[in-house]
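The values are calculated or read from the model by the stated rules, or taken from the named source; none is laboratory data. Since this is a predicted model, take the numbers as computed values, not measurements. All Cβ positions, glycine included, derive from the backbone under ideal geometry; neighbour counts span all protein chains shown. Note: areas computed on protein heavy atoms with side chains; ligands, DNA, RNA excluded. Shrake-Rupley method; radii C 1.70, N 1.55, O 1.52, S 1.80 Å.
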Amino acid sequence: YEIWIRRRDGMPTALQVTATPRFDAQGTYSGSLAICRDVTEQKHAEVALKASESHLRAIWDAEPECVKLVSLEGLLLDVNPAGLDMLEVDAKEQVVGKSIVGMIVPEHRPRFLEILRRTWGEGSGVGEFEIIGLKGTRRWMETHTVTLQDEEAESPTLLAVTRDITGRKHTEE
């Protein structure tokens with residue numbers, strides 16, 4: 001178990017305690033052997049990590065552009081609320097774990113997959129393509145992608161920030 005103590009100098013210290021009861025030859029409890037390990041730095045690191053994760057989640061949720069994690073094959077691993085809106089999706093379960101390549105207008109699919117491959121090879125990529133949302137709306141998208149370094153992942157994970165450029169495309173036309 002873990003306990004917090006206050007040292008003589010007043011500093012709080014986290015201890016991980018492992019205790020084993022000791023019994024004499026007659027089976028009567030005679031005391032315990034306890035081993036204490038200072039885990040204060042680990043506890044502070046855990047608190048800092050939770051705060052960092054909380055900040056990152058707040059940014060992810062509040063970002064007005066589509067932010068998503070995508071596999072090299074186009075499998076959607078995660079997406080923020082703005083991305084769900086762009087894809088015309090009511091819940092993550094409708095798209096997370098599925099390929100987003102099918103939402104891309106067929107003639108733009110090779111370009112999209114090339115952006116993903118280029119990102120894996122070069123570390124980043126940029127490109128434009130057109131999608132059709134689940135409710136039928138066509139939109140032009142501009143995406144910026146980077147490779148996330150994760151040695152434990154079985155396949156590469158890409159972070160993509162995508163914005164709706166439909167208005168710009170219509171103006172250009």
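The figures follow:
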{"quantity": "Residues (hydroxyl-bearing (Ser, Thr, Tyr) and exposed (fewer than 11 other Cβ atoms within 10 Å of the Cβ)) located in the stretch 30-49", "calculated": "SER32"}
{"quantity": "Close pairs (7 angstrom Cβ cut-off, 6 or more residues apart or separate chains): touching a residue at least 40 places away in the same chain (Cβ under 8 Å) and on the phi > 0 side of the Ramachandran plot in the stretch 81-110, open to solvent by 70 Å² or more (accessible area, probe 1.4 Å) and of a type in the set (A, V, I, L, M, F, W, C) anywhere", "calculated": "GLU88/LEU134"}
{"quantity": "For GLY27: the one exception among (1) loosely packed, with under 14 Cβ neighbours inside 10 Å; (2) within 19 Å of the chain's Cα centre (by Cα)", "calculated": "(2)"}
{"quantity": "Those strands (runs of 3 or more DSSP E) lying entirely in the stretch 25-121 with at least 3 residues more than 20 Å from LEU159 (Cα to Cα)", "calculated": "29-38"}
{"quantity": "Qualifying positions in the stretch 39-67 - among the basic types (Lys, Arg) and more than 14 Å from the chain's Cα centre (by Cα)", "calculated": "LYS43"}
{"quantity": "Near pairs, Cβ below 6 angstrom, 6+ apart or cross-chain, from the stretch 1-19 (farther than 19 Å from ALA45 by Cβ) to any residue that is open to solvent by 100 Å² or more (accessible area, probe 1.4 Å) and modelled with pLDDT under 90", "calculated": "VAL17/TYR1"}
{"quantity": "Only listed residue being among the β-branched types (Val, Ile, Thr), buried (at least 20 other Cβ atoms within 10 Å of the Cβ), in contact with a helix residue (DSSP H, G or I) (Cβ under 7 Å, 6 or more places away or on another chain) and under 23 Å from ARG57 (Cα atoms), chosen from VAL79, VAL67", "calculated": "VAL79"}
{"quantity": "Flag if ILE104 is in contact with an Asp or Glu (Cβ under 8 Å, 6 or more places away or on another chain) and of a type in the set (A, V, I, L, M, F, W, C)", "calculated": "yes"}
